[in-house]
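Participant: The structure under discussion is supplied below as structure tokens; questions concerning it will follow.
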Amino acid sequence: LDLRLSNVLWATDAQGAGEGDLGGYGIVARAADDDLMKAIWLRGRTTGKTVASLPGGGPKRPLGVLEATVPFSRLPPRTFDGPWVDVAAGRRRRADAIVLGEGRAAVKMVRLIAGSPRLHEQVAVSLQDNMALAGATQKGRSPTRELNYLLRQRAAGTLSSGTRVILPWVETRLQPADDLSR
């Protein structure tokens, strides 16, 4: 509970297979001040919901009960400002579910943190555009064996460095690592 917030903001992303090859991953980072990191910590742990995602989109059934189901990020807009620095990128060796590619990128980021003593014993934040992975990391487990394996690898990296890593969900259009993963 007494860990301080890191001044490095991370973002990881993966590209799925079928877009020309087996896909890839990208990891980017940027410096962030204490106020921004505190706002991300406070607002990024929950996802907002709205009725429509586009201006003038409106509900599918206008006479039915309106229910907010379209998710949106509650992070401050300046979270996505640059400059973002490319940290790591690569191509995948085999095709599999996108959540596993996203999970591997997140594990690589945790290993980078574990390999840098300057980043130990802090709360790190990494933007994530895969809601299934963001939820599984928050819960600490998944019903799938493959994702649980990645979650255990992630846990080993965070335990060895005394670090806590949170993955607030953001819309894909806001994901800073999206271009690098392509």
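The values are calculated or read from the model by the stated rules, or taken from the named source; none is laboratory data. The shown structure was predicted, so the numbers you read here are calculated from the model rather than taken from an experiment. No Cβ is skipped: glycine too gets one built from the backbone with ideal geometry, and neighbour counts run over all protein chains shown. Each accessible area value is taken on the protein alone, full model and side chains, heavy atoms only, with ligands, DNA and RNA left out. Shrake-Rupley method; radii C 1.70, N 1.55, O 1.52, S 1.80 Å.
Participant: Aspartates and glutamates within cross-link reach of LYS49: Cα-Cα under 17 Å, excluding same-chain residues under 8 positions apart?
Facilitator: Within reach: GLU67, ASP129, GLU171.
Participant: Let me ask something additional. Given a 1.4 angstrom probe, I'd like the percentage of the accessible area of region 30-161 that is carbon and sulfur, rounded to a whole number.
Facilitator: 55 percent
Participant: I'd like the orientation of helix 98-114 relative to the chain: the angle between its Cα long axis and the longest Cα principal axis, in ° from 0 to 90, rounded to 10.
Facilitator: 40 degrees
Participant: Compute, for LEU112, the solvent-accessible surface of its heavy atoms (probe 1.4 Å) with the complete set of protein chains present, and express it in square angstrom to the nearest 10.
Facilitator: For LEU112, the solvent-accessible surface is approximately 70 Å².
Participant: Between ARG164 and GLU146, what is the spin-label point distance in nm, taking each point 7 Å from the Cα along the Cα→C-beta axis?
Facilitator: Rounded to a tenth, the inter-label distance reads 3.1 nm.
Participant: To continue, here is another question. Cα axis of helix 34-43 to longest principal axis of the chain: angle in degrees, 0 to 90, nearest 10?
Facilitator: 50 degrees
Participant: Quick one: angle between helix 145-161 and the longest Cα principal axis of the chain, in degrees between 0 and 90, rounded to 10, please.
Facilitator: 50 degrees
Participant: Springs between alpha-carbon pairs under 10 angstrom, Gaussian network model over the chain: which of GLY115, GLY103, GLY20 fluctuates most?
Facilitator: Of GLY115, GLY103, GLY20, the most mobile in the Gaussian network model is GLY20.
Participant: A follow-up question, please. So how much slack lies between LYS38 and ASP179, counting 0.36 nm per residue of separation and subtracting their Cα-Cα distance, in nm?
Facilitator: Here the segment from LYS38 to ASP179 would lengthen by 48.1 nm.
Participant: Then there's this: Where does the chain land at 222 nm, in deg cm²/dmol rounded to the nearest 500, when only DSSP H runs of n ≥ 4 count, each adding -39500 (n - 2.57), divided by all residues?
Facilitator: The per-residue figure over the chain is -9500 deg cm²/dmol.
Participant: Considering the alpha-carbon set of region 70-154 alone, what are its Rg and its Dmax in angstrom?
Facilitator: Radius of gyration, then largest Cα-Cα span, for region 70-154: 14.1, 40 Å.
Participant: Counting heavy atoms of the protein chains only and a 1.4 Å probe, report the per residue accessible area for the chain as a whole number of Å².
Facilitator: With all protein chains present, the chain gives 57 Å² per residue.
Participant: Starting from the 7 Å offset along Cα-to-Cβ, what nm value, one decimal, do you get for the label separation of LEU66 and ALA155?
Facilitator: Going from the LEU66 label point to the ALA155 one covers 4.3 nm.
Participant: Taking every alpha carbon pair in the chain, what does the distance histogram look like in 10 angstrom bins from 0, in percent?
Facilitator: Result returned by the calculation: 10, 35, 36, 15, 4, 0.
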